[in-house]
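First the structure, in the form of structure tokens, and then the observations on it.
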Amino acid sequence: MRMTASQCLLGCVAVRRTGLLFIGVLVCLAACDSGDWFAVEVAPAPSSVTESMSQVLVPTQINLYPVSTTQENPARLFVMVTGIGAALVNLPPTFDAGSAGITLNALNVFPETIVDAAGFRFPPGTSAITYQGITNTDRQATRMYGGAMGRTEFGNVGFATVSIGDAAGTLTARSMPVFLYYAVELSGMSEAASPQQQQVWFGVNDAMGPAEIEGYSVCQAEISGSTIAVSGGDSFAGPVLFDTGTPWMQFNVAPDVSFPSDVSQNTPVTVTTPSGFVYGFSAGPPGTSSPDSVDVQVGSAGDSIVGISYFTTNSFFIDYVAGTEGWR
């Protein structure tokens, strides 16, 4: 299939015999912009970052690196960012199918003369800084991950080409919005957290937001009308998000629905999409960070989430251009 660089397609996620995961990417990720990046109206990308991009005609294999749950951290999938603009970096963002856009720790990219934990230093009378091919604007914003108990990043919106991959395959996206953060707080607590310890994020989806922002498409990938059932006959229907960025399963149950508030360990669980695909698993220990544990949120209207465990055993395909998804 012949596709242009302005389109966005996430390819199949599967397990390789080496233990690494891989994604097949047919086009650049520049179109996967985020609807919640911008609390203010955003100006178009600077002309210096709207250069033409050659077409990508064949899939490019990009490795993902799975990390198991530890006492300190939950399970994650990481992808390597090797370049931003002309700057060579070695950053491992979390590969996240439940958010959109790339956030990077600016303290690892810019020198101290340009940014520190208090923010960017713009020369008087200027609204942008250019450093090694990265154009950073004075547009400030925040990104929140993990909900009310998560973390909030503080930074600025920039534009740059982004290179991802490793020796098995690399891909350089055209200039795209990149959120460059310099400070992190524990959400809702106004308590500082070290940016050096904060995971950077590589989001390839957005379940909320407008159709586009300043010409950048906002990707949508929730599956409405899915059915979640547990052994014993209890079930409910609603939107489901297949999310590499959530370390466990989360079921959001409307207040008028009968469903157990806890799913015991080893309980058979199925998730059925409208197309008839069925994903089944045995629930892990409740109240833990086990990838198969089920967190039931009674009275919640949000999307239910099939977390990282699915992606270590199954394949997932999203075509953001055609608006279709596939499972295996």
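Evaluate the range 267-285: report whether one residue or more is at positive phi and not assigned by TED's automatic domain parsing to the domain that holds Arg76. Yes, some residue in the range 267-285 is at positive phi and not assigned by TED's automatic domain parsing to the domain that holds Arg76.
Yes/no matrix, rows are residues, columns are (1) touching a Gly at 6+ places or on another chain (Cβ under 6 Å); (2) modelled with pLDDT of 85 or more:
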| residue | (1), (2) |
| --- | --- |
| Ala283 | no, yes |
| Pro286 | no, yes |
| Ser289 | no, no |
| Ser293 | yes, yes |
| Ile308 | no, yes |
| Thr312 | no, no |
| Thr324 | no, no |
| Trp327 | no, no |
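So Thr82 clears everything in (1) among the β-branched types (Val, Ile, Thr); (2) out of contact with any Gly (no Cβ under 8 Å at 6 or more places or on another chain); (3) part of a strand (DSSP E or B) except one condition, right? Which one? If we test Thr82 against (1) among the β-branched types (Val, Ile, Thr); (2) out of contact with any Gly (no Cβ under 8 Å at 6 or more places or on another chain); (3) part of a strand (DSSP E or B), just (2) comes out false.
The values are calculated or read from the model by the stated rules, or taken from the named source; none is laboratory data. Predicted model, so just to flag it, every value in this text is computed and none were measured. Using ideal geometry, Cβ is built from the backbone for each residue, glycine included, and neighbour counts are taken over all protein chains shown.
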